[in-house]
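Asks: Sending over a structure as structure tokens; questions will come in a sec.
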Ligand SMILES: O=C(O)c1[nH]c(=O)[nH]c(=O)c1I
């Protein structure tokens, strides 16, 4: 019922975590692997372990979340070792998220991944909004094209990019033109909406410590922007480049909407943070019920089939 074919593999469910949520440690990744999620993605890794930004650096409201984690992670080798062990146990491919502190780090990490026996999907994060002094790479079109040219000069494993939200049709056009030049397996839209601000009016204060309270926004706040980005890239990209829909998925209905816009896989961040891994069973059940009510027996029957008003 919920099977989805992604590149050369058919996952039992399109649901997975969004990088950064419940995926820092081996224990957390094991919990995802033992949940109803179809697969998982690691926290974005850097060459060396990083502490990240000072706390509090994450805060929830009933409509979503704000975070300025600052790319904390246990370092590339930790995750490669974990995935090495896991690959010996199961054949379900997983996602390895690679962030960059610099172009050089990027290339070095990807070269190690290419030479390793990792056989899952690589998610190149071009959209971290919270590393001080670092602009989001994917808002620099020339830099994005430069990085992808370099990456695909040596990387042969299935790779996709994690993009920030765009808000201008011209930017969808420009970005899709660049992405269509490369043998990408997928595009993941969207990352958090960068540099929002959530305030505590009683205390007349911001709610997170880093960056004077500025951070990436997730949850219900961002679903309309996420759906637009999923749809915009779905209609512009070569059909060989599949879309992962991320942003604002809190229910089976939200999941249904992302698939209608063209998503093949669905990542859940804020709602997973709030609810824990049991969120995957709930959303799977809700999505299955919606499909049955509408007479669909599999995802492909309505995937990308969003209608416009004639
Ligand atoms: O602050 C983070 O660690 C972070 N936070 C986000 O919301 N998206 C990202 O890609 C990252 I690397």
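Asks: At a 10 Å Cβ-Cβ cut-off, how would you order 113, 15, 132, fewest neighbours first?
Replies: 132, 113, 15
Asks: Right, another one. What are the equivalent ellipsoid semi-axes of the stretch 28-156, built from the alpha-carbon gyration tensor (square roots of five times its eigenvalues), in whole angstrom, biggest first?
Replies: Semi-axis lengths for the stretch 28-156 are 23, 22, 13 Å.
Asks: Related question: How much mean residue ellipticity at 222 nm does the chain get from its helices, if each DSSP H run of length 4 or more adds -39500 (n - 2.57) and you divide by all residues, to the nearest 500 deg cm²/dmol?
Replies: The helix-only estimate for the chain comes to -10000 deg cm²/dmol at 222 nm.
Asks: Please report the antiparallel percentage of the DSSP beta bridges confined to the chain, to the nearest 5.
Replies: Antiparallel: roughly 40 percent of the beta bridges in the chain.
Asks: Direction-averaged shadow area of the convex hull around the Cα atoms of the stretch 95-137, nm²?
Replies: Working: hull surface 12.0 nm².
Computing the convex hull of the Cα atoms and averaging its projections yields 3.0 nm².
Asks: Oh, and also: What is the Cα coordinate range of the chain on the first, second and third principal axes, sorted by size from largest, in whole angstrom?
Replies: Projected onto the principal axes, the Cα atoms of the chain cover 54, 49, 43 Å.
Asks: So, in nm, how far is label residue 117 from label residue 63 when the simple model puts each one 7 Å beyond its Cα toward the Cβ?
Replies: The two pseudo-label positions are separated by 5.1 nm.
Asks: So, one more: How many percent of the alpha carbon pairs in the stretch 258-310 exceed a separation of 15 Å?
Replies: Within the stretch 258-310, distances greater than 15 Å cover 57 percent of Cα pairs.
Asks: Sorting 57, 231, 236 on the 10 Å Cβ count, fewest up front, what's the list?
Replies: 236, 57, 231
Asks: Give the Rg/Rh ratio for the stretch 10-82, taking Rg as the radius of gyration of the Cα atoms and Rh as the Kirkwood radius, to two decimals.
Replies: Radius of gyration over Kirkwood radius for the stretch 10-82 works out to 1.00.
Asks: For a test of the definition: using alpha carbon positions, the gyration tensor, and the 1.5 limit on a/c, classify the stretch 151-310 as rounded, prolate or oblate.
Replies: Working: a/c = 1.78, a/b = 1.17, b/c = 1.52.
Oblate is the answer for the stretch 151-310, as a/c is 1.5 or above yet b/c matches or exceeds a/b.
Asks: Still on this structure, I have one more. Subtracting the Cα-Cα distance from 0.36 nm times the residue separation, let me have the gained length for residue 197 to residue 302 in nm, one decimal.
Replies: 34.2 nm
Asks: Using Cβ contacts closer than 10 Å as the measure, can you line up 214, 280 from fewest to most?
Replies: Values: 214 17, 280 22.
Least to most surrounded, the residues fall as 214, 280.
Asks: For the stretch 92-202, what is one quarter of the convex hull surface built on the Cα atoms, given in nm²?
Replies: 9.0 nm²
Values quoted throughout were computed directly from the atomic coordinates according to the rules given, and no laboratory measurement underlies them. This structure is a prediction, so every number in the text was calculated from the model and none was measured. Using ideal geometry, Cβ is built from the backbone for each residue, glycine included, and neighbour counts are taken over all protein chains shown.
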